[in-house]
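Before any comments, here is the structure.
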Amino acid sequence: MIVFNSLSKFQNWRETYRGNIGLVPTMGALHEGHMTLVREAKKTCDFTVVSIFVNPTQFNNPDDLKKYPRTIDADTALLADAGADAIILPTYTDIYPDSFHFKVTETTLSTRFCGAHRPGHFDGVLTIVLKLFNIVRPKQAFFGEKDYQQYKLIKQMAAALFVDVNVIGVPTVREADGLAMSSRNLLLSPTDRERAPILNRVISNSKTPNEAKQRLSEEGFIVDYVEDFEGRRLAAATIGGVRLIDNVEIQHG
Ligand code: AMP
């Protein structure tokens, strides 16, 4: 596994590579959800590149950015084990030579759900992903359906801006108790970790979003939203200061 710890090293390598690249963008603190994306990439691509970059422009809350878990040594070991071919570890100035004076803004879907609660979040996400697409020039790029709105926006961006990449969604990987795997789960206290799966349980078996919201509030969650969208129920809620998101297919009947 090649570790590119500067962008220019990766760019030099990329000049000479002719195979099909699969890209898995991440912010590190890797878990089985990320590894599933890597395994999916390996199935269809000649060379799997994982980027690890805690992207400051997508954090609307400075404290959230400061607290975000960073486990680079463990991440490298997991990726080597999963058979990733390369990791890119860019710096802020590698990625933002323009100091974020240029950004990608979507004006419709990005204003709803997480976008309504995290101003500027999706501008940061779409901008970093477009930059990574241009740097890596992957044939395919893999994103988790756990971040369903993000996945949809990236797919729409690639189509709208004629980026020659196939954006592939990968189903959510969960803990045995149903909690969607997330780097942020590391920040949960033991008691909150025990309560966190309630989010998945409640959105899966409430009849309506309103019922789910009420039940989550009663369970001590601070609810940002629960809404049905395109056959899925999307939710975000905070427990013990940790914001969790999840979505499930709506079961009919
Ligand atoms: P992050 O490091 O949180 O930015 O996530 C990097 C990628 O991994 C994104 O495409 C996420 O949607 C995806 N991902 C994170 N958690 C999971 C999960 N539990 N199951 C599937 N994909 C995930």
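Since every read-out is calculated from the coordinates, none of them should be taken as a lab result. Remember, it's a predicted structure, so these values are computed and weren't measured experimentally. Neighbour counts run over all protein chains shown; Cβ positions are idealised from the backbone, glycine included.
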Quiz item: What is the fewest-to-most order of Asp224, Asp75 by other Cβ atoms lying within 10 Å of their Cβ?
Solution: Asp224, Asp75
Quiz item: Between Arg232 and Thr91, what is the spin-label point distance in nm, taking each point 7 Å from the Cα along the Cα→C-beta axis?
Solution: 3.6
Quiz item: Where q = 0.20, 0.23 Å⁻¹, what log10 of I(q)/I(0) comes from the Debye formula for region 8-132, counting one point per Cα?
Solution: -1.26, -1.39
Quiz item: Does a label point 7 Å from the Cα of Gln156, set along Cα-to-beta-carbon, have any residues of region 92-108 with amide nitrogen under 14 Å, and which are they?
Solution: 105-108
Quiz item: Sorted from fewest to most neighbouring beta carbons within 10 Å, what does the list Glu219, Glu249 look like?
Solution: Glu249, Glu219
Quiz item: Which three semi-axes in whole Å describe the equivalent ellipsoid of the chain, each the square root of 5 times a Cα gyration tensor eigenvalue, listed largest first?
Solution: 31, 19, 18
Quiz item: If each residue's Cβ is checked for other Cβ atoms within 10 Å, how do Glu218, Glu211 rank with the fewest at the top?
Solution: Glu218, Glu211
Quiz item: When the chain is fully extended, how far beyond the present Cα-Cα distance does Asn210 get from Arg195, taking 0.36 nm per residue of separation?
Solution: 3.4 nm
Quiz prompt | Net charge over other residues, Cβ less than 9 angstrom from the Cβ of Val165 (K, R count +1; D, E count -1) | solution = +1
Self-check item: Only Lys, Arg (+1) and Asp, Glu (-1) charged, at Cβ; region 143-245 dipole about Cα centre in debye
Solution: 40
Self-check item: Shape category assigned to region 164-253 from the gyration tensor of Cα positions, a/c cut at 1.5
Solution: oblate
Quiz prompt | Pairs of Cα atoms farther than 23 Å apart, region 75-163, % | solution = 32
Quiz item: Taking the Cβ-Cβ separation of Asn20 and Glu219 as r and a Förster radius of 41 Å, what is the calculated FRET efficiency to the nearest 0.05?
Solution: 0.35
Quiz item: Using unit Cβ charges (K, R positive; D, E negative) and no other charged atoms, how large, in debye to the nearest 20, is the dipole of the chain about its Cα centre?
Solution: 280
Quiz item: Is the shape of region 100-145 rounded, prolate or oblate, going by the alpha carbon gyration tensor and its root eigenvalues a ≥ b ≥ c, with a/c under 1.5 for rounded and a/b larger than b/c for prolate?
Solution: oblate
Quiz item: For Glu211, what is the net charge nearby, where nearby means another residue's Cβ is under 14 Å from its Cβ and Lys, Arg count +1, Asp, Glu -1?
Solution: +1
Practice problem: Please give the length that would be gained between Ala80 and Arg137 if that part of the chain were fully extended, namely 0.36 nm times their separation in residues minus their C-alpha to C-alpha distance (nm, one decimal). | Solution: 18.3 nm
Quiz prompt | Size of electric dipole in region 67-167: Cβ of Lys, Arg +1 and of Asp, Glu -1, about Cα centre, debye, nearest 20 | solution = 360
Self-check item: Gain upon complete extension [Phe100, Asn5; 0.36 nm per residue less C-alpha separation]
Solution: 32.1 nm
Exercise. Could you tell me which of Ala212, Leu234, Pro197 has its Cα farthest along the dipole of region 184-237 towards the positive end, charges placed at Cβ (Lys, Arg +1; Asp, Glu -1), taken about the Cα centre?
Key: Pro197
